[in-house]
1. Quick one: is Leu75 over 24 Å from Pro455 (Cβ atoms) and surrounded by 24 or more Cβ atoms within 10 Å (Cβ to Cβ)?
2. Just to be sure before I move on: is Arg70 more than 16 Å from the ligand (Cβ to nearest atom), in contact with a Lys or Arg (Cβ under 9 Å, 6 or more places away or on another chain) and among the basic types (Lys, Arg) in the structure I sent?
3. State all residues of segment 134-148 that are within 16 Å of the ligand (Cβ to nearest atom) and within 10 Å of Leu191 (Cβ to Cβ); if no residue qualifies, say none.
4. Based on what the data block shows, is Ile21 within 16 Å of the ligand (Cβ to nearest atom), β-branched (Val, Ile, Thr) and open to solvent by less than 10 Å² (accessible area, probe 1.4 Å)?
5. Just wondering, is there one or more residues in segment 186-205 that are open to solvent by 50 Å² or more (accessible area, probe 1.4 Å), within 12 Å of the ligand (Cβ to nearest atom) and basic (Lys, Arg)?
6. Using beta carbons and a limit of 9 Å, which pairs, at least six apart or on different chains, have the first residue in segment 620-642 and at positive phi and the second one open to solvent by 30 Å² or more (accessible area, probe 1.4 Å)?
7. Cβ-Cβ below 6 Å, separation at least six or inter-chain, first residue in segment 164-175 and of a type in the set (Ser, Thr, Tyr), second modelled with pLDDT of 95 or more and buried (at least 23 other Cβ atoms within 10 Å of the Cβ): which pairs?
8. Out of the residues in segment 452-504 that are hydrophobic (A, V, I, L, M, F, W, C) and open to solvent by 50 Å² or more (accessible area, probe 1.4 Å), which is farthest from the chain's Cα centre (by Cα)?
Amino acid sequence: MATIDRGFDRVGFDRIDELCINTIRTLSIDCVQKANSGHPGLPLGAAPMAYVLWQKHLKHNPRNPKWADRDRFVLSAGHGSMLLYSLLHLSGYNLSLDELKNFRQWGSLTPGHPEYHLTPGVEATTGPLGQGTANAVGMAIAERALANAFNRPGHMIVDHHTYALVSDGDLMEGLSAEAASLAGHLKLGKLIYLYDSNDITLDGRADITFTEDLAKRYEAYGWQVLTVKNGNTDLVSLDEALTAAKKETSKPSIIIVKTIIGFGSPGKQGTASAHGSPLGPDEVKLTKKALGWDPEKSFYIPEEAQHRFKDQIDQGSKSEKTWNEKFEAYTKAYPDLAQAWKEAQAGELPKNWQSALPSFKAGESLATREASGKVMNAIATTLPLLIGGDADLSCSTNTFLKDQGSFDGQTGRGRNIHYGVREHAMASIANGIAYHGGVRNFTATFFCFADYMRPAIRLAAMNHLPVIYVFTHDSIGLGEDGPTHQPVEHLASLRAIPNLWVLRPGDANETTEAWRLALTRTDGPVALVLSRQKWAALDRTTLAPASETARGAYILKDATSKAPQAVLIATGSEVPLALQTQTELEKRGVATRVVSMPSWELFEKQPESYRSLVLPAQALKASIEAGVTFGWSRYVGDQGLSFGINRFGASAPANVIFDQLGFKASHIADEVAKKLAKN
Ligand SMILES: Cc1ncc(C[n+]2csc(CCOP(=O)(O)OP(=O)(O)O)c2C)c(N)n1
């Protein structure tokens, strides 16, 4: 067991700072103990680095957690949530001691892992290791993009840092490597990681799996690497390292802080048993004693410490006041920009943005990815704060914004972010951009690779982040690349994520509408699922208007003479096939309706009266979609039919695969007629 050293280096710090740090520590272990669940080890070890950062460096105003030019702090190792809750409470955020005492309980503001949409001052939802490292990269990107859009000579209204506290587990995750590689490449000089290097993970010593030279790795990524040898007590070195990190503006910095997990706990410090379970009542007392605390006092906040923490409120109010004065001067000098800033901060889009949305002529043959590319380039002119990028596939996803340049991490110029082949980081960085706010952002890749992004998509949905995913090459329709690249289960898989809208438009004009819906949405992410292959834009003079896309599903073309006997429900590239099948069935005397259903989620929001009008109970319903049929029984019912692909695809020209797998009007018409005959 490592010996407990309570001595603090006192140059620039005093006894009260030590008291503050131990207040964070004891409060955290008391809350974990009361909950009888949680992670005491990280708060005990990382309290000094977090305290020095918050007390001496972090630009924030606890009285206004949403002040736009605040520094961002991400606790990437979200399991150490009590560290963050203690800091928030003690620094004067609107998070009461009672909330802390309710740690991990139903309805509290202090859930097991920090949740962005719940707790004032929590900048990102973390817990799945690695996510926060990439979220922080996204925040640093957003900061630069906004600086480029709004700062003017003599008027620096955007100028803040992004800090992340990261752990061994965070840096083991491949995601963090993708994110760090890109951050180094982009030279994000205002991004700083504090790495709680305690050499312990959940199962034991980190070196049972993690033995590389991490400093060299980050140097190779193009980061400044700094080390603090004794993060348990050496506050001066922590302070100096943070100063050095801020001084280096040409690259991101990582400060490797050597700490002891569970610092202060005589029986558990330095071991994995301090990581993820309460210390136990006796060990809590022993730890308090070792830290010079009264072992009998729980949730104790010494007055002197309370007073010192409150400095942050005064300091924060002053900083924001200074910024407000700057913004006043800016408003006088640049009234239009100031107005645009306010709108962007409120998450509003410029009033005229929809004027640029294109419409497509009936019969114009184009893939929905091409239609999407045209929409994006048209609205790029009316939405100057739309940024985004692709994972090395912009030529195929059609998502490059022409004449808008490539994003530069130093100046923030350029609206196309080249993510490289780093899909997971792309999606997590997109979350970071959205968490930051002020800009809107999209990502793009082949639909099949949505799997690489899924952990971040899930978090975007959970946190109501308005990220837009452009997924192209959405089915076997991509053809010769074969089953590895042909999504089949992906629609079902994304539809299973709560609060994610999945839109698979049925032609070019539905694609325009899908973009309109995606950009209008502010409370969650939207996946646009688009084709590689072309077909003719539908004739909206004879069919229902594409604006009906907003209802999720609509009667595209009704049965000719009487109430429908069959209703064909199709999405995306299968909509024209449904129309052909309808013609075939009508020829055979079967009254057939075609419903285009670009989005299940939007359809679910419609009143029951509308839903039962579109999908009448008495008709035979059949879904047609080039993906697994999983879930379609919800709309076709037990007696309905589902035409889909419950296997992997194949490598061949697209039309051949569609034919071979039964996507033919004659085949579908036969099956529908047969079923009707049986009923
Ligand atoms: C993606 C992911 N995998 C696994 C876990 C479960 N988990 C929580 S903490 C942890 C490892 C803890 O090690 P470290 O990150 O060094 O934290 P410390 O022990 O220093 O608190 C694991 C595996 C997780 N939260 N996220």
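1. On the way: over 24 Å from Pro455 (Cβ atoms): no; surrounded by 24 or more Cβ atoms within 10 Å (Cβ to Cβ): yes.
The answer is no for Leu75.
2. Working: more than 16 Å from the ligand (Cβ to nearest atom): yes; in contact with a Lys or Arg (Cβ under 9 Å, 6 or more places away or on another chain): yes; among the basic types (Lys, Arg): yes.
The answer is yes for Arg70.
3. Pass one, segment 134-148, residues within 16 Å of the ligand (Cβ to nearest atom): 134-136.
Scanning segment 134-148 gives a single hit, Ala136.
4. no
5. yes
6. Matching pairs, first to second residue: Gly631/Arg495; Gly631/Ala496; Gly637/Ala617.
7. So the pair list comes out as Ser167/Ala77; Ser167/Asp196.
8. Checking each candidate, the answer is Ala496.
The values are calculated or read from the model by the stated rules, or taken from the named source; none is laboratory data. What you are looking at is a predicted structure, and each value in this text was computed from that prediction instead of being measured. Cβ: placed from backbone, ideal geometry, glycine included. Neighbour counts: every protein chain shown. Surface areas here come from the heavy atoms of the whole protein model, side chains and all, with no ligands, DNA or RNA. Shrake-Rupley method; radii C 1.70, N 1.55, O 1.52, S 1.80 Å.
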